[in-house]
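Here's the structure we're looking at; comments come further down.
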Amino acid sequence: KLAQLRKNSTDATQIKSNPILVVWPIDKQQVLEIIKLANKERLLIVPRGGGSGLCGGATASNSIVINMTKMNRIIKIDKNHKYILTQPGILLDKLNKKLEKCDLFFPVQPASHKIATVGGMIATNAGGEHVLRFGKMIANILEMKVVTGNGELVRIKKNRLKHFCGTEGLMGIVVEAKLKLLPQIKKKSITVREIDNLDDLIKVVEVSIHNKNLIACEFISPKVYEMEGFKKKYFLLLEYKGNIGEIKNPTQIENFWKIREKCFSLLFKKGWKSIADPQLPIKNLEKFLAWCDENNLPVFGHIGHGIIHVHFKNTKKMNEMYRLVLKLGGAITGEHGFGVIKKKYLPDKLKTELKALKKIYDRNNILNHGKVI
C-alpha cells in the first residue's frame, strides 16, 4: 500500500507529495460517485494518467489520487467515419497498435508516447513531434464525456472542448473521448543534417517547413548532441510523408529518432532536471536560441513549430528566459502545461479565465487544488 502511495505521489519531475489514498475507477459511474462524495466531504482530488507530466501536475499532497489507468478500454473504432471512442486511461502506443490493424492512426505523438495516456494528453493539450502537420490534442478531439468538479457527467464538444483540453484537470475528469483518426502513412522517409551554425540551421528550417509533405522538424543543439557522443553540431531531423527524404530504411529511421527522443532522459541523468517548453514565433527563434547558447543551456525540440525544450540545473536563469520569451512574442508553455513548476509564470489574462471556469465547473475547488492558478 505504501509503495502504491509513493508511486502515485509524483510524475516525471520526481517532486515529492503525500497522497492520502489512491483509487482506480473502472468506469464513468465510479468516477461520478467519487467526485460526488468528494464534494460532500470536501475532499481534494488529483486525477492521474501515466505520470509522464513534466510540471508536477500529478503531485497530490493531502489529496485522493484518482488513477485512471484501469479505464483503458477502446469502446469503438469507426473505420468509415475515421474516429475512435475510448476510455482515457489507454496508453497512446497501445491505442495506435490497435489502430494499425484498421490502417488508421492517431497523429498526436509526444516523446513520452510509451507511457502517455489519452486523458493526460487531453489535460495538457499535448503536442509533440507531428504538431507541424496534425496539430495538438485540441485539433484532434471530436467530443468528450467529462465528470466536472461539481459532480456532473456532461458531454462536451466544439467551443467547450478548450474548457477541459489544456486546463490540466482543474475543471473535470475526462471519462470518454471521441478522437479523429487518419489513414496510416505507409511510407515515411527522413533527411538528417549536421549543421555548423545557428544562422544556417534557421535558414534550413524556414525553407523546409513550407514543404507540404514534411510531418516533423526536430533539432538538437550542439551541447546536447555532443553529450550523446557526436560532433559538436546542430542535429536536424526532417521527417516526410512518402519517399522525399534521403533515408528510407525503417530501422535507420528508428535509430535516428532514438537520438532525438533520448535527449530528455540523458539530460535528466546529468543533473539538468528542470525543463521549460516555451513556444516562439519562427521569426524570433534565432534570437532565442542564441541566448540559450550564450548561457550554455542545453536545448532540443520541435523547432518546426517553435517549441523549444530548455534544460536547467537550477532555476536562476528561468525568470530571465521567460522575460525574453514574452518580449519575443512567445508563449510560456507550448505543450507541458503549468502544473506547480510554472504556476508563477501564468499570464494574468489566463489566470482570470481559468478562475472564471472554476466557478462554473468546480465550485468547491476540489480538483487539482494548488495547481496552475
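Under the condition of being surrounded by fewer than 16 Cβ atoms within 10 Å (Cβ to Cβ) and in contact with a helix residue (DSSP H, G or I) (Cβ under 9 Å, 6 or more places away or on another chain), which residue from the stretch 183-195 is farthest from Arg155 (Cα to Cα)?
Glu194
Just for helices (runs of 4 or more DSSP H) wholly inside the stretch 74-144: which have at least 2 residues that are open to solvent by less than 20 Å² (accessible area, probe 1.4 Å), at pLDDT 95 or above and closer than 29 Å to Gln279 by Cα?
92-100, 118-124
Find the residue count for the stretch 337-347, including only residues that are in contact (Cβ under 8 Å) with a residue 60 or more places away in the chain and open to solvent by 30 Å² or more (accessible area, probe 1.4 Å).
2
Test Leu21 against the criterion of being open to solvent by 60 Å² or more (accessible area, probe 1.4 Å) and in contact with a Ser or Thr (Cβ under 9 Å, 6 or more places away or on another chain), and give yes or no.
Yes; evaluated as a whole, the condition is true for this residue.
Of the numbered conditions (1) touching a residue at least 60 places away in the same chain (Cβ under 8 Å); (2) surrounded by fewer than 18 Cβ atoms within 10 Å (Cβ to Cβ), Leu54 satisfies every one except a single condition; which is it?
All conditions pass for Leu54, except number (2).
Taking Leu367 as meeting all but one of (1) buried (at least 20 other Cβ atoms within 10 Å of the Cβ); (2) under 30 Å from Glu239 (Cβ atoms); (3) not hydroxyl-bearing (Ser, Thr, Tyr), write down the number of the exception.
(2)
Are there any pairs with C-beta distances below 6 angstrom linking a residue in the stretch 93-105 that is within 15 Å of His130 (Cβ to Cβ) to a residue that is assigned to a helix (DSSP H, G or I) and of a type in the set (A, V, I, L, M, F, W, C), with the two at least 6 apart or on different chains, and if so which?
Correct list of pairs: Phe105/Leu99.
The values are calculated or read from the model by the stated rules, or taken from the named source; none is laboratory data. Remember, predicted model here, so these are calculated numbers, not experimental data. Because the Cβ atoms are built from the backbone with ideal geometry, glycine has one as well, and the counts that use them run over all protein chains shown. Just so you know, the surface numbers come from the protein's heavy atoms only, side chains and all, with ligands and any DNA or RNA stripped out. Shrake-Rupley method; radii C 1.70, N 1.55, O 1.52, S 1.80 Å.
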